[in-house]
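Everything on this sheet refers to the single structure shown next.
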Amino acid sequence: MNGLVHTDGRVTLTSLEIADLTGKRHDNVMRDIRAMLVELHGEGGVLRFEETQRNPQNGQSYPVFVLPPREVKVLVTGYSITLRAKVIDRLDELEKAATPHELSRLEILQIALEAEQGRLAMEAERDHAIATKAEIGSRREATAMATASAAVREAEKLRDQLGQNSRHATVIAVERAVKGRFPSNAYVPLRAWCKERGVSAVDVVDERYGTVKAWPAGAWLDVYKVDLAELFGTPCQAMAAA
């Protein structure tokens, strides 16, 4: 059981293939994964990603870990650049096999947003680890904060383009977030709310229609009792809650 593209489009790598790609002993890879899962998900995370595989030669069964891309990337962050590249290249191959279609502009923006948020979270964890070992000089700290602020602004810009943030959101974005459906004319009371108050909706990118309206947070709260700040928040809030 190596890298797989499942029927539902999920991509996974097993601890066996990670060991093969990196040249590490499987028991050492299992140890690294177990420690990572406990830190990320608690003790329940170990059982969540652990499966049993039968050895075709001796018929004995032994445990392996089956990891999705996020956990694989977190695991190899501590590996050397060369080993990290091998594993990430393998993930790229599997993900391309899972998504042979050409990405839309909306999908590209969503991928960019997820990648940026992941990078910000990893930078925050790295800076925290450094801070526990030694004091960071004021100049270095100021530079790091400026860099993080610029990255956060870029992530917020991407969220604006997708129409899913604490200030305004499209009907489609809210439906995806709440995992539900609104009536086809759900925009009508939102539009009426804006007209009564002299407020304008925001035009954002949409893969089907080119652009659609993203309605203000006040309209969502008054009309549908949906709190965009609670639903989407901001990259800064997401990092603070992590």
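The values are calculated or read from the model by the stated rules, or taken from the named source; none is laboratory data. Predicted model only: the values in this text are computed from it and were never measured. Every residue, glycine as well, gets a Cβ built from its backbone with ideal geometry; the counts of neighbours run over all protein chains shown. Please note that ligands, DNA and RNA were not included when accessible areas were found on the heavy atoms of the full protein model with its side chains. Shrake-Rupley method; radii C 1.70, N 1.55, O 1.52, S 1.80 Å.
Brief remarks follow.
- Order of exposure, largest accessible area first, which applies to 220, 215 with probe 1.4 Å: 215, 220
- Were the residues from residue 229 through residue 192 laid out at 0.36 nm apart, the gain over their Cα-Cα distance would be 11.1 nm.
- Cα→Cβ-extended label distance, 7 Å offset, between residue 10 and residue 40, nm: 1.3
- Amide H contacts under 5 Å for residue 214: 202, 203, 204, restricted to partners 5 or more places along the chain or on a different chain, H placed in the peptide plane at 1.01 Å from N.
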